[in-house]
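Okay, structure first, notes after.
The values are calculated or read from the model by the stated rules, or taken from the named source; none is laboratory data. Here the structure is a predicted model, which is why all the values come from computation and not from measurement. Using ideal geometry, Cβ is built from the backbone for each residue, glycine included, and neighbour counts are taken over all protein chains shown.
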């Protein structure tokens, strides 16, 4: 099974067109078609369904496509790691980060890391944490930055705690729900959950930590912007990192509810896959993140 044939299949499925796939790989369309047909003969199956509008993967083709992408990605990572171990600090570093990490840690880490390793291309992706962990498992991200999950599969991720986070209760500015002073007073209010569904999320965790049943789900947001939009629309309760809630953009539209139970305390950290050897660039980036977190927390202590 040739790597060139696998890459031809990947390009064809990604582009949905043999012509576009051939252009992407810098080969002729007949040459690309030959590579895919060789792969189909080797597997004794049809991988692509062809039509006048393009190509789509068959069920068998989709299986091969997913495996081929993973293999190609792992080979690329191996090449980068070998080059970096030899002293050539080049390649790509893909980082998934929640908005709080983007606001507080990433700018300083990017500045110092970029200055030390200018030939390493950093790609920063903002996504909800659950989606980031999936992409980390699949090898699409090298590092994920976010609140460390309390329940993790043993040995799945290597964890680097960076700094504490305080998640505060927020409502639309002027909403009567903002007069609550205990969580129990908000137990029947509609809460905006973040993540895959109301079965998980920080609202549920906050209530469970204080021996209360989780509140009803009044909405589900898969981005910080979505969460802010739903909360600003009114009569919903949610949780935001204290630093984001205090940002002028959020503070103009939201009130922090000073419940006596206080904020939900979490830890912002970095996660990497535990089943693979880290590229030198990843280890160096983690060191720069620790340095940025130290400066931030030390500055907060001095300013207190």
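Of everything in region 209-240, what is more than 15 Å from residue 177 (Cα to Cα), in a helix (DSSP H, G or I), modelled with pLDDT of 85 or more and in contact with a helix residue (DSSP H, G or I) (Cβ under 9 Å, 6 or more places away or on another chain)? Give them in sequence order.
228
Take the residues in region 244-254 that are assigned to a helix (DSSP H, G or I) and surrounded by fewer than 16 Cβ atoms within 10 Å (Cβ to Cβ); name whichever of them is nearest to the chain's Cα centre (by Cα). Please lay out each step first, then the result.
Keep residues of region 244-254 that are assigned to a helix (DSSP H, G or I), which gives 244-245, 248-251.
Subset that is surrounded by fewer than 16 Cβ atoms within 10 Å (Cβ to Cβ): 248-249, 251.
Values: 248: 25, 249: 23, 251: 25 Å.
Out of the qualifying residues, it is 249.
Taking region 89-103, which residues are crowded, with 22+ Cβ neighbours inside 10 Å and under 14 Å from residue 296 (Cα atoms)?
Once the filter is applied, which keeps residues that are crowded, with 22+ Cβ neighbours inside 10 Å and under 14 Å from residue 296 (Cα atoms), region 89-103 yields 100, 101.
Residues are listed down the side, and each one gets a yes or a no for (1) in a helix (DSSP H, G or I); (2) over 20 Å from the mean Cα position of the chain (by Cα):
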residue: 61; (1), (2): yes, yes
residue: 71; (1), (2): yes, yes
residue: 81; (1), (2): yes, yes
residue: 89; (1), (2): no, yes
residue: 109; (1), (2): yes, no
residue: 112; (1), (2): yes, yes
residue: 121; (1), (2): no, no
residue: 131; (1), (2): yes, no
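Can you tell me how many residues in region 38-57 are within 35 Å of the chain's Cα centre (by Cα) and either assigned to a loop (DSSP other than H, G, I, E, B) or in contact (Cβ under 8 Å) with a residue 40 or more places away in the chain (or both)?
6
Just checking, does region 204-211 include any residue being buried (at least 16 other Cβ atoms within 10 Å of the Cβ), without any contact (Cβ under 8 Å) to a residue 12 or more places away in the chain, touching a strand residue (DSSP E or B) at 6+ places or on another chain (Cβ under 8 Å) and outside the structural domain of residue 142 (by TED's automatic domain parsing)?
Applying the first criterion (buried (at least 16 other Cβ atoms within 10 Å of the Cβ)) to region 204-211 yields 204-207.
Okay, now just the ones that are also without any contact (Cβ under 8 Å) to a residue 12 or more places away in the chain, so 204.
Pick out the ones that are also touching a strand residue (DSSP E or B) at 6+ places or on another chain (Cβ under 8 Å) and you get 204.
Add one more test, that the residue is outside the structural domain of residue 142 (by TED's automatic domain parsing), and what stays is 204.
Looking for residues that are buried (at least 16 other Cβ atoms within 10 Å of the Cβ), without any contact (Cβ under 8 Å) to a residue 12 or more places away in the chain, touching a strand residue (DSSP E or B) at 6+ places or on another chain (Cβ under 8 Å) and outside the structural domain of residue 142 (by TED's automatic domain parsing), one finds at least one in region 204-211, hence yes.
Scan region 255-267 for residues that are closer than 12 Å to residue 242 by Cβ and not in a loop (DSSP other than H, G, I, E, B) and jot them down.
256, 264, 265, 266, listed by residue number.
Among 50, 67, which is closer than 19 Å to residue 20 by Cβ, at pLDDT below 90 and either in contact with a strand residue (DSSP E or B) (Cβ under 7 Å, 6 or more places away or on another chain) or not assigned by TED's automatic domain parsing to the domain that holds residue 140 (or both)? Spell out the reasoning first.
Working: 67 fails: closer than 19 Å to residue 20 by Cβ.
Among 50, 67, only 50 is closer than 19 Å to residue 20 by Cβ, at pLDDT below 90 and either in contact with a strand residue (DSSP E or B) (Cβ under 7 Å, 6 or more places away or on another chain) or not assigned by TED's automatic domain parsing to the domain that holds residue 140 (or both).
Could you list, in sequence order, all residues of region 241-257 that are modelled with pLDDT under 90 and in contact with a strand residue (DSSP E or B) (Cβ under 6 Å, 6 or more places away or on another chain)?
Matches in region 241-257: 241, 242, 245.
If you scan region 268-282, which residues turn out to be part of a strand (DSSP E or B) and in contact with a helix residue (DSSP H, G or I) (Cβ under 7 Å, 6 or more places away or on another chain)? First the steps, then the outcome.
Quick first cut of region 268-282, residues part of a strand (DSSP E or B) only: 268-273.
Correct list: 268, 270, 271, 272, 273.
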